[in-house]
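Just below is one structure, and these are the notes that go with it.
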Amino acid sequence: GRLQLLFQSDYSGTASGWTATWQETSAIEENEIFRDISVYPNPAENILNINFNLQQTQALNISLVSVTGKVVFNEEVGNFVGDFKKTIDLSTFTRGIYFLQLISEQGILNRKIVLQ
């Protein structure tokens, strides 16, 4: 496994120490959790489509995170099973790189998204 930390400071204050927490997930292949996943278009301009299939009922969280760590989109979907389809409106987002995070009870999927 690998852990990457990104620290960003505005240099306006100082304090001693920091804390990091994380959750280990099993090494389940993403295609075993999110079957037939499709995230398009990528690069994206105004919209992002997310399609996949969940074989088992489970809670699901969808997030879009900027490279600075700011969550710009978040949606919780409770007790879902079957074909999932979501279109996210990106027209008000700043151009750049984002990370799509799909978090289920069985694992996490991360995809890099480029917004042009």
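Every number here is computed from the coordinates shown, using simple stated rules; none is lab data. What you see is a predicted model, and the numbers here were worked out from it, not measured in a lab. All Cβ positions, even for glycine, are placed from backbone atoms using ideal geometry, and neighbour counts span all protein chains on display.
What number comes out for the charge environment of Leu48, summing +1 per Lys or Arg and -1 per Asp or Glu over other residues with Cβ under 15 Å away?
Numbers: positive: Lys85, Lys86, Arg95, Arg111, Lys112; negative: Glu45, Glu75, Asp89.
Value of the local net charge: +2.
State, to one decimal in nm, how far the label point of Ser38 lies from the label point of Val71, with both points 7 Å from Cα in the Cβ direction.
About 2.9 nm, to one decimal.
Between Thr57 and Thr94, what is the spin-label point distance in nm, taking each point 7 Å from the Cα along the Cα→C-beta axis?
So the two model labels end up 4.2 nm from each other.
How charged is the neighbourhood of Asp83? Take every other residue with its Cβ under 13 Å from the Cβ of Asp83, and add Lys/Arg as +1 and Asp/Glu as -1. Walk me through the numbers on the way to the answer.
Numbers: positive: Arg35, Lys85, Lys86; negative: Asp36.
Net local charge, Asp83 excluded: +2.
By the scheme Lys and Arg +1, Asp and Glu -1, what is the net charge of all other residues having a beta-carbon under 13 Å from that of Val114? Mind dumping the intermediate values first?
On the way: positive: Arg95, Arg111, Lys112; negative: Glu45.
Net charge around Val114: +2.
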